[in-house]
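Trainee: I'd like to ask some things about the structure below.
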Amino acid sequence: MSQATTSGFTVDLSGQVALVTGASRGIGRSIALALGQSGAKVACVARNRDKLAETVAAITAAGGTAEAFECDVTSSDSVTKVVESVVEKWGQLDILVNNAGITRDTLIPRMTDEQWDEVLNTNLRGSFLFTRAATGPMLQKRYGRIINIASVSGANMGNPGQANYSASKAGLIGMTRTVARELAKRKITVNAVAPGFIETEMTGAMGDSILGEIKSKIPANRLGTADEVAGAVLFLASKAAGYITGDCITVDGGMTA
Ligand code: NAI
């Protein structure tokens, strides 16, 4: 398989190797599937290998190639080992998608040290660790695509209850811009995608009344789908996006327009 589509969008990533963190469900699963259907070999990363089996099976069923890699993105040793294993197995790493992320929402007076640290460690440190590890093989090949999944919370606006989360995502965008400048000469692009409200288990936990209120503030009058985020990632991963770096694409149905 060399080509496939996400929402009708076709990209050829055959011969390339991709790594997606948080690939067991939600947005990460859709991204892994889109990259796999486009011909890339996909390393699917999450903490629980069993939970990754379904994503790997879906890519394989679509005629693609994928393997599960168990890893907590906050662990430096574990991240280094995963990248080494991927390169050992497939000889290269072309596309890195830092998608793993968590929320621990509460208003600032009640936010605990643990809630702050957990979110910053997963969303920001995890992306730093994978970016650092992936630049080795990318610099060697003088080619790469790094795509960081940020959020409108942090990128475009604040969001009450999310001081930790929006700090992590704003930090991720700062890191995106700086690493983009560091690696541009080596044909490695570094970009972010900032989703608005997307239908996943993360937003499902918010409850119907909050989601109804949110929908009324979105010009498109609906939540986005994980596939619509995957479409933006697929574009940034493609050769067509070779001159775009240090940018952040917002995917929010016009919410922050
Ligand atoms: P989700 O909760 O459905 O999935 C998160 C994934 O990250 C899971 O596979 C989980 O196992 C993995 N993960 C979490 N901590 C990890 C760790 N320490 N090590 C390895 N894997 C870990 O979340 P969803 O909704 O799919 O979000 C994906 C990304 O998109 C996150 O970075 C999130 O912040 C971002 N995002 C989501 C939005 C939404 O509306 N769902 C909106 C804006 C951004």
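Trainee: Under the condition of being over 18 Å from Ile249 (Cα atoms) and of a type outside the set (Gly, Ala, Ser), which residue from the stretch 133-156 is surrounded by the fewest Cβ atoms within 10 Å (Cβ to Cβ)?
Mentor: Arg142
Trainee: Return the residues of the stretch 78-105 that are near the ligand (Cβ under 10 Å from one of its atoms), of a type in the set (S, T, N, Q) and not in a loop (DSSP other than H, G, I, E, B); say none if nothing qualifies.
Mentor: Matches in the stretch 78-105: Ser78, Asn98.
Trainee: Checking Ile27 against (1) free of Cβ contacts under 8 Å to residues at least 40 places away in the same chain; (2) farther than 16 Å from Arg145 by Cα, only one condition comes out false. Which one?
Mentor: For Ile27, the failing item is (1).
Every residue, every condition in (1) surrounded by 16 or more Cβ atoms within 10 Å (Cβ to Cβ); (2) at pLDDT 95 or above, yes or no:
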| residue | (1), (2) |
| --- | --- |
| Gln3 | no, no |
| Val20 | yes, yes |
| Leu33 | yes, yes |
| Cys71 | yes, yes |
| Glu88 | no, yes |
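Trainee: Scan the strands (runs of 3 or more DSSP E) fully inside the stretch 7-75 and keep the ones with 1 or more residues being within 13 Å of the ligand (Cβ to nearest atom).
Mentor: 17-21, 41-46, 65-70
Trainee: From the set of residues in the stretch 217-236 that are within 16 Å of the ligand (Cβ to nearest atom), in a helix (DSSP H, G or I) and of a type outside the set (D, E, K, R), which is nearest to Lys187 (Cα to Cα)?
Mentor: The extreme case among them is Leu236.
Trainee: Could you grab the pairs with beta carbons closer than 8 Å, sequence gap of 6+ or different chains, first residue in the stretch 221-245 and within 30 Å of Ile210 (Cβ to Cβ), second one among the acidic types (Asp, Glu)?
Mentor: Qualifying pairs under 8 Å: Leu223/Glu199; Gly224/Glu199; Gly224/Asp252; Thr225/Glu199; Ala226/Glu199.
The values are calculated or read from the model by the stated rules, or taken from the named source; none is laboratory data. The model shown is predicted, which means the values in this text are computed figures rather than measured ones. Glycine gets a Cβ as well: all are built from the backbone with ideal geometry, and neighbour counts include every protein chain shown.
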